[in-house]
1. Filter the GluC sites (Glu not before Pro) in the stretch 139-175 to those in DSSP coil with at most 11 other Cβ atoms within 10 Å of their Cβ, and list the result.
2. Within 10 Å, count the other beta carbons around each residue, average over each peptide in 120-133, 80-93, 139-152, and list them highest first.
3. Where in the stretch 91-119 does the label zone of Arg157 land, with the point 7 angstrom along Cα→C-beta and an amide N cut-off under 20 Å?
4. Quick one, which of [x] 46, 43, 26; [y] 111, 39, 20; [z] 58, 39, 31 is the actual Cα extents along the principal axes in Å calculated for this model?
5. Can you tell me which of Ser61, Ser19, Ser116 moves the most in a GNM of the chain? Springs connect C-alpha atoms under 10 Å apart.
6. Rounded to the nearest whole Å², what accessible area per residue is found for the chain with the 1.4 Å probe?
7. Collect residues whose amide H, placed 1.01 Å from N in the peptide plane, falls under 5 Å from the amide H of Asp143; neighbours closer than 5 in sequence don't count.
8. Quick one: Karplus J couplings for the stretch 112-122, per residue in order, coefficients 6.51, -1.76, 1.60, θ = phi - 60°, nearest Hz, x for Gly and Pro?
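The values are calculated or read from the model by the stated rules, or taken from the named source; none is laboratory data. None of these values were measured; they are calculated from a predicted model. Don't worry about glycine lacking a Cβ; one is built from the backbone with ideal geometry, like all the others, and counts go over all protein chains shown. The protein model used for the area step is the full one, side chains on, heavy atoms only, and it has no ligands, DNA or RNA in it. Shrake-Rupley method; radii C 1.70, N 1.55, O 1.52, S 1.80 Å.
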Amino acid sequence: MAAGGVDPKLLALVPLRASQITQLTTFLDYARDTARAKCDGVSAENARKALLPGSPLMTMSGVINHLRWVEYYWFQVVFLGEEDRAPMTDEDPDREMRIAVDFPLTQLLDEYAEQSARYRELVAGNDLDKQAEGTIRNGLHVDLRWILLHLTEETARHNGHLDILREMLDGTTGG
């Protein structure tokens, strides 16, 4: 770690004096890349293992699929105002985590990377101050900046889950 606890790989990616959109998207991309890197070399069997007794749906596959569907929700449903076609329902709010074990981790990672590229283009074509078409739970409209900040926070938090799972699976730390 560099001074102040900042990963030198991140410092190399983000110029200290870049535009706000460059900084925000680079931080989100870094968090996405970190999630994918934590899955490098994980076997199909291990990707489906739930190791935390209190969280039977917390698998590496489940976390990656969750991240994918969280981005879908915030960009497609909230920002663009499209109909929600996510697998989650009121009856099964964690369905994206439950069904993840039915797919190879490599497929989930590829779909997440492809989707991330599409959303990167979406963000590049919009202003950070643009209000979302859809609303969040309290009925308010957030702007694109808020969505990027939230997704960076969400992805970074789940990277901590991936850290724990990976270390429990095979002792791998960092990454």
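1. Working: sites: Glu153, Glu154, Glu167; in loops: none.
Counting only loop positions with at most 11 other Cβ atoms within 10 Å, none of the GluC sites (Glu not before Pro) in the stretch 139-175 qualifies.
2. On the way: 120-133: 13.3, 80-93: 10.9, 139-152: 16.9.
Packing order, densest peptide first, comes out as 139-152, 120-133, 80-93.
3. 92-98
4. [x]
5. The residue that fluctuates most here is Ser19.
6. Working: 9480 Å² over 175 residues.
Here the per-residue accessible area is 54 Å².
7. Ala132
8. 5, 5, 4, 5, 4, 5, 4, 5, 4, 5, 4
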